[in-house]
Amino acid sequence: MYSTKIQFLFSAILLLSSCDKVITLPIKENESKIIIEANITDQAGPYVVKLTRSININESNIYPTINNAIVTIADNTGIKDTLKFSNEGVYKTKLIQGIYGRTYFLEVSVEGKKYTAQSTMPKKVNLDSLRINIFPINGENQYSIIPVYTDPIELGNGYRFIQKINDTLDNNYNIFNDNLNNGKVNQRPLNNGNKDLTIKLKDIVSVEMQCISTSAQIYFFTLSQQGGAGPGGGTVPTNPPTNIIGGALGLFSTHTSQTKQIQIPVN
C-alpha cells in the first residue's frame, strides 16, 4: 500500500512538470502625453523649453519630439517672449531674462491644446565653498562633498545639487530643504555616486547648486524615490507632481544656479 502511494505521488509530479504553459499578461498601453521640460535660471540666456511625447513601457527608449508648437514665456513686469524653434523639440528664448523674485508664465499650444504653468524664481543663497568629507569604511577612506552655504532665517528654502566627478554626471538626486537646519550652515554631504562612480584621490568634483521652488522640490524629491531616473535631462519614468496645467508631464522650473569645483588631494 505504501509503495502504491509513492508511485501515485511520483506520477502526479511528472504530470504536473510536463504541463508547463507560457502565460502572456496583457500590458495596457498608456495614453501618450506631452512632456514639457522648461528651465529659466539667473544665468544669461537663451533659456530652453524641450517638448517630447511619452511612450509605452514596451517601446524603445526614444521619445518623439514635438516641432510644431507655439511656446511663449512672460514675466510679471510685462515682458513676453515667443520662443524660436531650434531643432529636435527644442525652443529657445530671445528676450526674457531670469531674475530672482520675478514670476514667470509659460504657455505651450500644440495640436489644439494649451498647457500653462507659472513659477517664481527663489532668492539666491550663496554657495560659499565645497568641503571634503572623509569617512572610513572597512579600513579604507571614502570621500563625499559637503556644499557650504548658510540657509536664510526664513523657512521654506529648497536646494538641488548636481554633482559631476571628472566630468561624469552623478545620477543621484540631491534635494535638500531647511526643515531641520533652518538658518544654519549646511553640514549635510551629497550622496556619493554608486558602485561604478565613486570619488577617489585626485578626482575633480564639480557641484552645481540650484535654489529651487517648492513645486520643483516636490517634483525632484518624487523622482529621487524612483529608480531609473537622473538629472541629466531625459524624461520622467512615471508621473511625479507637476506645476503644469492641462495634462502634460514634466516641470517648469525657475531657479538660481552657481557652480564650484574641488579636487581630492593625495595628502
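The values are calculated or read from the model by the stated rules, or taken from the named source; none is laboratory data. In this text, all values refer to a predicted model and were calculated from it rather than measured experimentally. Here the Cβ is made from the backbone with ideal geometry for all residues, glycine too, and neighbour counts use every protein chain on show.
So the check is Cβ under 7 Å with 6+ separation or different chains; which pairs have a first residue in the range 81-99 that's among the polar types (S, T, N, Q) and a second one that's in a strand (DSSP E or B)?
Between residues of the range 81-99 that are among the polar types (S, T, N, Q) and residues that are in a strand (DSSP E or B), the close pairs are Thr82/Thr72; Ser86/Lys92; Thr93/Ile73; Thr93/Asp81.
Out of (1) touching a Pro at 6+ places or on another chain (Cβ under 8 Å); (2) in a strand (DSSP E or B), the odd one out for Phe85 is which?
Looking at each condition in turn, Phe85 falls short on (1).
Residues in the range 129-151 that are of a type outside the set (Ser, Thr, Tyr) and either surrounded by fewer than 14 Cβ atoms within 10 Å (Cβ to Cβ) or without any contact (Cβ under 8 Å) to a residue 12 or more places away in the chain (or both): how many?
Start the filter on the range 129-151 by keeping residues that are of a type outside the set (Ser, Thr, Tyr), which leaves 130-142, 145-148, 151.
Right, trim to either surrounded by fewer than 14 Cβ atoms within 10 Å (Cβ to Cβ) or without any contact (Cβ under 8 Å) to a residue 12 or more places away in the chain (or both) and you get 134-141.
Matching residues across the range 129-151 total 8.
Residue-by-condition table, conditions (1) modelled with pLDDT under 95; (2) within 24 Å of Ser253 (Cα to Cα); (3) in contact with a helix residue (DSSP H, G or I) (Cβ under 7 Å, 6 or more places away or on another chain); (4) not assigned by TED's automatic domain parsing to the domain that holds Gln226:
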position	(1), (2), (3), (4)
Tyr104	no, yes, no, yes
Glu107	no, yes, no, yes
Glu140	yes, no, no, no
Thr150	no, yes, no, no
Ile162	no, yes, no, no
Lys184	no, no, no, no
Gly193	yes, no, no, no
Asp196	yes, no, no, no
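State the number of residues belonging to the range 100-126 that are loosely packed, with under 15 Cβ neighbours inside 10 Å and part of a loop (DSSP other than H, G, I, E, B).
5
Give the range 194-212 a look and list any residue that's surrounded by fewer than 21 Cβ atoms within 10 Å (Cβ to Cβ) and either in contact with a His (Cβ under 6 Å, 6 or more places away or on another chain) or in a loop (DSSP other than H, G, I, E, B) (or both), or say none. Outline the logic, then answer.
Applying the first criterion (surrounded by fewer than 21 Cβ atoms within 10 Å (Cβ to Cβ)) to the range 194-212 yields 194-198, 200-204, 206, 208.
Within the range 194-212, Lys195, Asp196, Thr198, Lys200, Leu201, Lys202, Asp203 meet the criteria.
Can you name every residue in the range 152-161 that is hydrophobic (A, V, I, L, M, F, W, C) and surrounded by fewer than 19 Cβ atoms within 10 Å (Cβ to Cβ)? Show your work before the answer.
Looking only at the range 152-161, we keep the residues that are hydrophobic (A, V, I, L, M, F, W, C), and these are 153, 155, 161.
Answer for the range 152-161, where residues must be hydrophobic (A, V, I, L, M, F, W, C) and surrounded by fewer than 19 Cβ atoms within 10 Å (Cβ to Cβ): Ile153, Leu155.
Only one of (1) assigned to a strand (DSSP E or B); (2) within 30 Å of Glu154 (Cβ to Cβ) is not met by Ile96, so which one is it?
(1)
When you scan the range 169-187, how many residues do you find that are within 18 Å of Gln258 (Cα to Cα) and surrounded by 13 or more Cβ atoms within 10 Å (Cβ to Cβ)? Can you show your working first?
Going through the range 169-187, the residues within 18 Å of Gln258 (Cα to Cα) turn out to be 169-170, 173-177, 185-186.
Then drop every residue that is not surrounded by 13 or more Cβ atoms within 10 Å (Cβ to Cβ), which leaves 169-170, 173-177, 186.
Adding up the residues that qualify gives 8.
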